[in-house]
Every structure is written in C-alpha cells, then in structure tokens.
Amino acid sequence: QVQLVESGGGLVQAGGSLRLSCAASGRTASSYSIGWFRQAPGKEREFAAAINWSGGITYYTDSVKGRFTISRDNAKNTVYLQMNSLKPEDTAVYYCAADRAVVPGRESRSWTYWGQGTQVTIFS
C-alpha cells in the first residue's frame, strides 16, 4: 500500500512557475508509477503527466507539453511536477496518484492510490 501527500500549490500570476511535490510512503513506494491529475471547478478530473518507477518513461497531456516537467527522486520517495508558463486555465486541484502498472493509462480508473490534492490558482 502507498500513501501520497501533495504539496507546493499556491496562488501565482500567469506566466509564473510552481513546483508541486508528491511524497510517497510505504515499503515499496519507489516501485510505483506516479501520475498527476487535475480537476477544475465543475469539470471532470483529467490526466496531466505521469512517470514510471525508474523515471525512464514520462508522458503528458497535450495541453501541458513543453510547460510541465515530471521527475522523481526515489531516494526521497518524491515525485515533482515543475510547472512553467502557467495559464489561468491551469487553475485546478492537483492530485497525485500511484499504481503498480509500468505505464498506467490516462484514465483515473487506471490508478489505485490517490492523495488529497493541492490547490493551484493562476490569476491574470
């Protein structure tokens, strides 16, 4: 089992940057793929980015490619989401999720464990 705790959210002006962290705990936490999802008010939760257990495979939704970078430090059991060139449409609660699959799908149902989320608000 894996427990996930997100941090790093906040209020940022458009064009700015934030770095989110997802701290994973559990005996085998470093062996899980980790994904970031986001949910804006009144909208469905959507996939943003994911990374496999080794960091060798990363994938992104088109709307964040070139602006967001996902990475992980297995020594610290932490996954990061560096978000640059932020836009008001990036405003959402950001959740991290974990699953044992090598490359979990982009649907929420493909992921087993979830954190509580961190709010990201971008103003223009």
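The values are calculated or read from the model by the stated rules, or taken from the named source; none is laboratory data. Since the model is a prediction, treat every value here as computed from it, not as a measurement. Note: ideal-geometry Cβ built from the backbone for every residue, glycine included; neighbour counts use all protein chains shown. Protein only, heavy atoms only, side chains kept; ligands, DNA and RNA dropped before computing areas. Shrake-Rupley method; radii C 1.70, N 1.55, O 1.52, S 1.80 Å.
What single numbered condition from (1) touching a strand residue (DSSP E or B) at 6+ places or on another chain (Cβ under 8 Å); (2) assigned to a loop (DSSP other than H, G, I, E, B) fails to hold for Gly15? Just one mismatch for Gly15, condition (1). Contact map, the stretch 60-76: first residue over 21 Å from Ala29 (Cα atoms) and in contact (Cβ under 8 Å) with a residue 12 or more places away in the chain, second residue open to solvent by 30 Å² or more (accessible area, probe 1.4 Å) and of a type outside the set (Asp, Glu), Cβ cut-off under 7 Å, separation 6 or more or different chains; pairs are Arg67/Asn84; Arg67/Ser85; Phe68/Tyr60; Phe68/Gln82. Contact map, the stretch 107-122: first residue free of Cβ contacts under 8 Å to residues at least 12 places away in the same chain, second residue in a loop (DSSP other than H, G, I, E, B) and crowded, with 18+ Cβ neighbours inside 10 Å, Cβ cut-off under 7 Å, separation 6 or more or different chains; pairs are Ser110/Pro104.
For the structure I just gave you, tell me whether Lys43 is under 16 Å from Ile122 (Cα atoms) and modelled with pLDDT of 95 or more. I'd like the intermediate steps shown before the answer.
Working: under 16 Å from Ile122 (Cα atoms): no; modelled with pLDDT of 95 or more: yes.
Considered against the rule, which asks whether it is under 16 Å from Ile122 (Cα atoms) and modelled with pLDDT of 95 or more, Lys43 comes out as no.
Just the residues that are among the hydroxyl-bearing types (Ser, Thr, Tyr) and within 11 Å of the chain's Cα centre (by Cα), please, taken from the stretch 4-29.
Result: Ser7, Ser21.
Residue pairs whose Cβ atoms lie under 8 Å apart, sitting 6 or more positions apart in sequence or on different chains, and linking a residue in the stretch 23-36 that is modelled with pLDDT under 90 to a partner that is part of a loop (DSSP other than H, G, I, E, B), are Gly26/Gln1; Gly26/Val2; Thr28/Val2; Ala29/Val2; Ala29/Asn77; Ser30/Trp53; Ser30/Asn74; Ser30/Asn77. Filter the stretch 1-18 for residues that are of a type outside the set (Gly, Ala, Ser) and surrounded by 14 or more Cβ atoms within 10 Å (Cβ to Cβ); which is nearest to Phe68 (Cα to Cα)? Only one residue tops the list, namely Leu18.
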